[in-house]
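Asker: Let me begin by handing over the structure; questions about it come next.
The values are calculated or read from the model by the stated rules, or taken from the named source; none is laboratory data. Note that this is a predicted model, so its numbers are computed, not measured. Quick reminder, even Gly has a Cβ in these numbers, built from the backbone with ideal geometry, and neighbours come from all protein chains shown.
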Amino acid sequence: MNLILLGPPGSGKGTQSSRLAKEFKLAHISTGEILREAVRSKSYLGEKANHYIHTGQLVPDEVMIEIVQERLNALDCKEGFLLDGFPRTIHQAEMLEAFTRIHLVVALKVEEEECVQRLASRKTCPGCGLTYNPVNHPPKKENVCDQCGAVLILRGDDKPETVRERLKVYVKLTAPLIEYYQRTGRLEFVDGTLAPDKILQNLKNMLQSKILLWK
Ligand code: AP5
Ligand code: MG
């Protein structure tokens with residue numbers, strides 16, 4: 001099963017993807033995480049991507065397509081994968097169609113203001129990528145990841161003005177993907193404003209019913 005989780009910044013893609021990938025034994029591919037790791041390790045890719053990430057802009061399509069194509073060739077993707085943060089433009093989606101098959105695209109629905117509020121107070125685990133929020137989704141122990149025990153960090157692009165820019169870019173370049181995937185009957189919406197556990201349950205129910213249909 002090859003999935004895409006779509007939604008604006010802060011809609012909960014990372015939160016749901018890491019759990020869903022574990023439940024369904026899918027490779028979780030977060031392009032944002034790949035880029036942040038490249039920035040951390042000061043690689044050539046990281047140096048190129050840093051400016052785009054910190055100004056809320058998209059890294060050029062050609063760079064992203066090459067990264068994802070290479071990642072999808074890895075052995076752990078053979079039994080299925082979950083893309084979190086890719087594709088983000090129609091061109092990326094078209095290129096993805098050219099080299100793999102996508103079974104389903106799930107769009108998380110959350111209003112812009114809620115996204116801004118969530119991101120203003122988000123903490124991220126640099127170890128496993130889980131995200132927390134002191135208001136809605138606090139870690140059990142302050143500043144420590146429930147899952148892997150790493151100390152939580154703040155992301156550099158979560159300043160409110162950068163978040164606004166990321167949301168503008170989402171509306172202009174990424175939201176058209178909803179119609180793109182709707183046209184081929186592969187899009188499902190999920191309410192992203194419920195509690196994370198409830199959203200996960202809804203996603204699991206939906207995927208299980210789809211898997212039965214695909215068999
Ligand atoms: P990326 O890392 O993909 O960031 P994003 O899409 O902006 O999304 P976020 O990670 O900010 O939010 P999320 O939807 O994962 O929400 P989360 O689960 O964390 O990309 C970063 C940058 O990399 C881009 O701006 C771009 O520069 C570049 N990039 C990446 N991919 C690219 C591509 N394909 N092409 C070009 N450039 C690319 O949750 C957010 C917060 O809300 C957390 O605090 C969480 O705890 C909380 N929360 C989650 N669910 C709930 C809930 N149900 N109720 C209440 N709170 C919740
Ligand atoms: Mg994310």
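Each row is one residue, and each column tells you yes or no for (1) in contact with a Ser or Thr (Cβ under 8 Å, 6 or more places away or on another chain); (2) surrounded by fewer than 18 Cβ atoms within 10 Å (Cβ to Cβ); (3) not aliphatic (A, V, I, L, M).
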| position | (1), (2), (3) |
| --- | --- |
| 147 | no, yes, yes |
| 150 | no, yes, no |
| 153 | yes, yes, no |
| 158 | no, no, yes |
| 165 | yes, yes, yes |
| 181 | no, no, yes |
| 212 | no, yes, no |
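Asker: Would you tally the residues in segment 130-157 being touching a strand residue (DSSP E or B) at 6+ places or on another chain (Cβ under 9 Å), outside any strand (DSSP E or B) and either of a type in the set (D, E, K, R) or at pLDDT below 90 (or both)?
Answerer: Total satisfying the criteria: 5.
Asker: Of the residues that sit in segment 182-206 and are in contact with a strand residue (DSSP E or B) (Cβ under 6 Å, 6 or more places away or on another chain) and assigned to a loop (DSSP other than H, G, I, E, B), which one is farthest from residue 12 (Cα to Cα)?
Answerer: Result: 186.
Asker: So which residues in segment 33-65 are within 16 Å of ligand 2 (Cβ to nearest atom) and either in contact with a Phe, Trp or Tyr (Cβ under 8 Å, 6 or more places away or on another chain) or small (Gly, Ala, Ser) (or both)? I'd like the intermediate steps shown before the answer.
Answerer: Going through segment 33-65, the residues within 16 Å of ligand 2 (Cβ to nearest atom) turn out to be 33-40, 49, 52-54, 56, 58-59, 64.
Passing the criteria: 38, 49, 56, 58, 59, 64.
Asker: Just checking, does segment 104-114 include any residue being out of contact with any Phe, Trp or Tyr (no Cβ under 7 Å at 6 or more places or on another chain), assigned to a helix (DSSP H, G or I), within 10 Å of ligand 1 (Cβ to nearest atom) and of a type outside the set (S, T, N, Q)?
Answerer: Within segment 104-114 (the criterion being out of contact with any Phe, Trp or Tyr (no Cβ under 7 Å at 6 or more places or on another chain), assigned to a helix (DSSP H, G or I), within 10 Å of ligand 1 (Cβ to nearest atom) and of a type outside the set (S, T, N, Q)), the answer is yes, since at least one residue qualifies.
Asker: Here's something else I'd like to know. Within segment 66-88, is there a residue that is in contact with a Pro (Cβ under 6 Å, 6 or more places away or on another chain), in a helix (DSSP H, G or I), within 16 Å of ligand 2 (Cβ to nearest atom) and closer than 22 Å to residue 130 by Cα?
Answerer: First, pick out the residues of segment 66-88 that are in contact with a Pro (Cβ under 6 Å, 6 or more places away or on another chain): none.
Within segment 66-88, none of the residues are in contact with a Pro (Cβ under 6 Å, 6 or more places away or on another chain), in a helix (DSSP H, G or I), within 16 Å of ligand 2 (Cβ to nearest atom) and closer than 22 Å to residue 130 by Cα.
Asker: Assess whether residue 122 counts as being of a type in the set (Lys, Arg) and modelled with pLDDT under 95.
Answerer: Yes.
Asker: Let me confirm something: among 156, 192, 129, which residue is within 14 Å of ligand 2 (Cβ to nearest atom) and at positive phi?
Answerer: Checking each option against the conditions leaves just 129.
Asker: Could you tell me which residue of segment 1-16 is farthest from residue 162 (Cα to Cα), considering only residues that are out of contact with any Phe, Trp or Tyr (no Cβ under 8 Å at 6 or more places or on another chain), outside any strand (DSSP E or B) and at pLDDT 95 or above?
Answerer: 16
Asker: Still on this structure, I have one more. If I filter segment 94-106 for residues that are out of contact with any Cys (no Cβ under 8 Å at 6 or more places or on another chain), within 14 Å of ligand 2 (Cβ to nearest atom) and more than 21 Å from residue 23 (Cβ to Cβ), do I get at least one hit?
Answerer: no
Asker: If you scan segment 31-52, which residues turn out to be of a type outside the set (A, V, I, L, M, F, W, C) and surrounded by 18 or more Cβ atoms within 10 Å (Cβ to Cβ)?
Answerer: The answer is 31, 32, 33, 36.
Asker: Going through segment 15-63 one residue at a time, which ones are within 11 Å of ligand 1 (Cβ to nearest atom) and polar (S, T, N, Q)?
Answerer: Matches in segment 15-63: 15, 16, 17, 18, 30, 31, 50, 55, 57.
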